[in-house]
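As structure tokens, the structure follows; a few thoughts come after it.
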Amino acid sequence: MADTIAAISTAIGEAGIGIVRMSGKESLNIGSKVFKGNKIENLKDGRNRELLYGHIIDKSKDQIIDEVLIVYMKGPYTYTREDMVEIYCHGGIISVKKVLELLLNEGAKLAEPGEFTKRAFLNGRLDLSQAEAVIDIIRSKTDKSFQVSLDQLEGSLSKSIKEIRNILLEMIAHVEVSIDFPDEDIEEVAYEDLENSGRIVMEKIEALLNTAERGKILRYGLNTVILGKPNVGKSSLLNAILRENRAIVTDIPGTTRDIIEEYVNIDGIPLKIIDTAGIRDTEDLVEKIGVDRAKETVEKADLVIVVFDVSRELSEEDYHIIELIQDKKAIILLNKTDLPNKYDEKFLKELVRDKEIITTSMTTGLGIDILEKSIKNMFYSGEVEIFSDTVVTNIRHKNQLEKAYKNIADGLTAIKSYVPLDCIEVDLKNCWENLGEISGDTVGEDILDKIFSEFCIGK
Ligand code: GDP
Ligand code: ZN
């Protein structure tokens, strides 16, 4: 961390401005060497956080590189908590690259991916889960996932983790006192208290874990499959959804995969609709990719939308589809309700039992809004303020929480069966450490490297 690092922090490409930034002790020195201001000539003569106008100059060649704005920000009230300099150049590739080269020539080191944020973490400005939130913010695809990441950056997850770890720490202290003073009265109280606290810890971890499913959806999109025999209106449905909801990511042309993924955004919930080749033309999923593949696709889905055509009678294929979705979260669409009804609706209702049924017509647009509402309700169970609580979106956090859960569960079992306290202490400490890896309090160097290598350069 002794080095002063520099990097281009904006995306490379055509743009109005591009930002090059530096962090470290030499920032001001290096900045002064390359900058010549109009009003205030030397960067060192400017005030902290004062934006100066002037030029970046390669003094060895007496050559102007770019016309810029520059600011010096004195640590510790900066992103990295170190001294920082930011240079606002013209956008495009050349200017920022030349400025960066000059800084490197003057002694700055090229920053590794995520190194600015890593320094912010190592200098105690962010904990690890907050640092990871920075990546998520950069990668957010919808307002809601952005909001969740922002909450995490603000410390919502850190706060929950800290609370749980504090309870654990108290329990561990309790245990140690009882080990040191093995008075029988004290010990009996200890077991009872431990059980209560242990249960609270377990419930809190469980609550966080319960949000992980929702978090996964926010991050990766809700895996949705549209299922139905040929000609029932699957393509029409997909088009209707795509028409009304801006696609965030359109599929990349020329992909060789036989399954195409479409992303749509329904009120902030990213839906990844799995569109088999069969959905596009008039062939049916089961027929096209075979029963096994269809089964597999359905099994992986978070949500299945099944389409039936009420203008035709129920057929073998329909029964087959109903079988496939018995244990899935599924919404049933009775489509083509604008046509004469040849369906035994009562019979079908018995077949699909608890599943929600919506009558639709892709021709008139009937029912699309109800479908969207029910997708939302399904995953948020009608909560109005969706993100009032912490949501776990990060797979690493989820894994740590699972480990912590297992350890506290083991600990509780041990407590209930009056296992010697030093054995119980092992479980408690493990749990405490598992959680500490989320906030970064007990995390190893290798994990840190892995996490920060996911960042882009300049962040
Ligand atoms: P898929 O094979 O399941 O993808 O079905 P398509 O979406 O390609 O639709 C098959 C045919 O049914 C097309 O001619 C559609 O225009 C028509 N269709 C789809 N939905 C409706 C509907 O609600 N009412 C009517 N009358 N026709 C529909
Ligand atoms: Zn189709």
Can you figure out the FRET efficiency of LYS295 with LYS373, using R₀ = 25 Å and their beta-carbon distance, to the nearest 0.05? 0.30
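Hey, could you get me the Stokes-Einstein D for the chain, Kirkwood radius over alpha-carbon pairs, 20 °C and 1.002 mPa s, rounded to whole µm² s⁻¹? Could the numbers behind the result be given before it?
On the way: Rh = 26.4 Å.
This corresponds to a translational diffusion coefficient of 81 µm²/s.
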Most packed first (mean Cβ within 10 Å per residue), the peptides 441-448, 105-112 order as 105-112, 441-448
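Return the FRET efficiency for the residue pair ALA15, LYS346: r is the Cβ-Cβ distance, R0 is 60 Å, and the value is rounded to the nearest 0.05. Could you put the intermediate results ahead of the total?
Working: r = 61 Å, r/R0 = 1.02.
That gives a FRET efficiency of 0.45.
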Over all directions, the average projected area of the alpha-carbon convex hull for the stretch 5-111 comes to how many nm²? 6.0 nm²
At what distance in angstrom do the alpha carbon centres of the stretch 82-112 and the stretch 114-187 lie from each other? 34 Å
Theoretical ellipticity at 222 nm over the chain - DSSP helices of four or more residues, -39500 (n - 2.57) apiece, nearest 500: -16000 deg cm²/dmol
Let's test the formula: R0 of 51 Å, r as the Cβ-Cβ distance of ASN210 and ASP62. What FRET efficiency results, to the nearest 0.05? 0.20
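Do you know the relative contact order of the stretch 1-90, to the nearest whole percent, from alpha carbon pairs under 8 angstrom that are 6+ apart? Please report the intermediate quantities before stating the final value.
Numbers: 194 pairs, mean separation 25.6, N = 90.
Dividing the mean separation by the residue count of the stretch 1-90 yields 28 percent.
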Would you mind checking the pairs LYS159/LYS450; LYS159/LYS376; LYS118/LYS159; LYS159/LYS373 and listing those with alpha carbons more than 31 angstrom apart? LYS159/LYS373
dims of the stretch 123-217, Cα set, principal axes, largest to smallest, nearest Å -> 58, 32, 13
Obtain the nm distance between the two label points defined at ILE357 and ARG243 by a simple spin-label model: each point lies 7 Å from its Cα along the Cα-to-C-beta direction. 2.6 nm
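Read-outs throughout are calculated quantities, based only on the coordinates presented, and are distinct from any laboratory measurement. The structure displayed is predicted, hence computed values, not measured ones. No Cβ is skipped: glycine too gets one built from the backbone with ideal geometry, and neighbour counts run over all protein chains shown.
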